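Novice: Would you mind keeping the following structure in view while I ask a few things?
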Amino acid sequence: MTAGVVVLGGAGAFARAHAGEQPPSLAHSTARYTAPDGDRAGSLTFTTDVRASSDVRSVKVLAWPANSSLAKKGLTAKDMAAAESADCKPSGEDTERCTYTVVVTGADADGSPRGLWHMAVLATAEGGHTTLDTKAADFTVE
């Protein structure tokens, strides 16, 4: 009986240690696109909450059109290496609110495909674990 308790106790410690090493999780991801209008620039703002037990090392974001070659081949963490970084600030225990904003000029909008776009996110925790969500949020370019 005692041996069984020790084994179960050891399994519980392993489960707790393993739970501490989970990859980051994303929640409440939103994207807001405002088209430029005349002389007024537009913008794209993406926000997400990232939870990581070992703190957030980086959050990379990439906007991509749904009808692009990425939809066929699939986006990978390697593709995200050159993506731009979001600005992250603590927003609770083990959680950071990450925001990415970019100005959209008339030339940017004119050169962009119309239709549905996705926001891809690669979150990396200090412990090295990563989470890739290739469709964390959507927006439409009209």
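The values are calculated or read from the model by the stated rules, or taken from the named source; none is laboratory data. Remember, it's a predicted structure, so these values are computed and weren't measured experimentally. Glycine also receives a Cβ, built like all others from the backbone with ideal geometry; neighbour counts cover every protein chain displayed. Side chains included, ligands, DNA and RNA excluded: accessible areas come from the protein's heavy atoms. Shrake-Rupley method; radii C 1.70, N 1.55, O 1.52, S 1.80 Å.
Novice: Using beta carbons and a limit of 9 Å, which pairs, at least six apart or on different chains, have the first residue in the range 113-126 and basic (K, R) and the second one surrounded by fewer than 22 Cβ atoms within 10 Å (Cβ to Cβ)?
Specialist: R114/P65; R114/T140; R114/V141; R114/E142
Novice: Here is a further query. For T105, state whether it is of a type in the set (V, I, T) and more than 17 Å from L44 (Cα to Cα).
Specialist: no
Novice: Sticking with this structure for a sec: Any residue in the range 51-69 that is over 12 Å from C88 (Cβ atoms) sitting within a Cβ distance under 8 Å of a residue that is among the polar types (S, T, N, Q)? List the pairs, counting only those 6 or more apart or interchain.
Specialist: S53/Q22; P65/S112
Novice: Give just the number: which of (1) open to solvent by less than 60 Å² (accessible area, probe 1.4 Å); (2) out of contact with any strand residue (DSSP E or B) (no Cβ under 7 Å at 6 or more places or on another chain); (3) modelled with pLDDT of 95 or more does H129 not satisfy?
Specialist: (1)
Novice: Which condition from (1) touching a Ser or Thr at 6+ places or on another chain (Cβ under 6 Å); (2) assigned to a strand (DSSP E or B) is the one that L75 breaks?
Specialist: Against the list (1) touching a Ser or Thr at 6+ places or on another chain (Cβ under 6 Å); (2) assigned to a strand (DSSP E or B), L75 comes up short only on (2).
Novice: Can you name the number of the only condition in (1) in contact with a Lys or Arg (Cβ under 8 Å, 6 or more places away or on another chain); (2) more than 23 Å from L70 (Cβ to Cβ); (3) small (G, A, S) that G106 fails?
Specialist: All conditions pass for G106, except number (1).
Novice: Can you confirm whether the range 111-124 contains a residue that is open to solvent by less than 40 Å² (accessible area, probe 1.4 Å), over 16 Å from the mean Cα position of the chain (by Cα) and closer than 18 Å to F46 by Cα? Can you show your working first?
Specialist: Looking only at the range 111-124, we keep the residues that are open to solvent by less than 40 Å² (accessible area, probe 1.4 Å), and these are 112, 115, 117-124.
Applying the additional criterion that residues be over 16 Å from the mean Cα position of the chain (by Cα) yields 112, 115.
Next, from what is left, pick out any that are closer than 18 Å to F46 by Cα: 112, 115.
The answer is yes; a qualifying residue exists.
Novice: Given the structure, is E96 in contact with a strand residue (DSSP E or B) (Cβ under 9 Å, 6 or more places away or on another chain), surrounded by 11 or more Cβ atoms within 10 Å (Cβ to Cβ), closer than 24 Å to P23 by Cα and modelled with pLDDT under 95? Give the steps one after another, and end with the answer.
Specialist: Values: in contact with a strand residue (DSSP E or B) (Cβ under 9 Å, 6 or more places away or on another chain): yes; surrounded by 11 or more Cβ atoms within 10 Å (Cβ to Cβ): yes; closer than 24 Å to P23 by Cα: yes; modelled with pLDDT under 95: no.
Taking the combined requirement at face value, the residue does not satisfy it.
Novice: Another question, if that's okay. Looking only at the range 132-142, filter to residues that are among the charged types (D, E, K, R) and either touching a His at 6+ places or on another chain (Cβ under 7 Å) or outside any strand (DSSP E or B) (or both); which one of those is least open to solvent (accessible area, probe 1.4 Å)? Talk me through it step by step, then tell me what you get.
Specialist: Pass one, the range 132-142, residues among the charged types (D, E, K, R): 133, 135, 138, 142.
Still in the running and either touching a His at 6+ places or on another chain (Cβ under 7 Å) or outside any strand (DSSP E or B) (or both): 135, 138, 142.
Details: K135: 119, D138: 78, E142: 174 Å².
Residue satisfying both the conditions and the ranking: D138.
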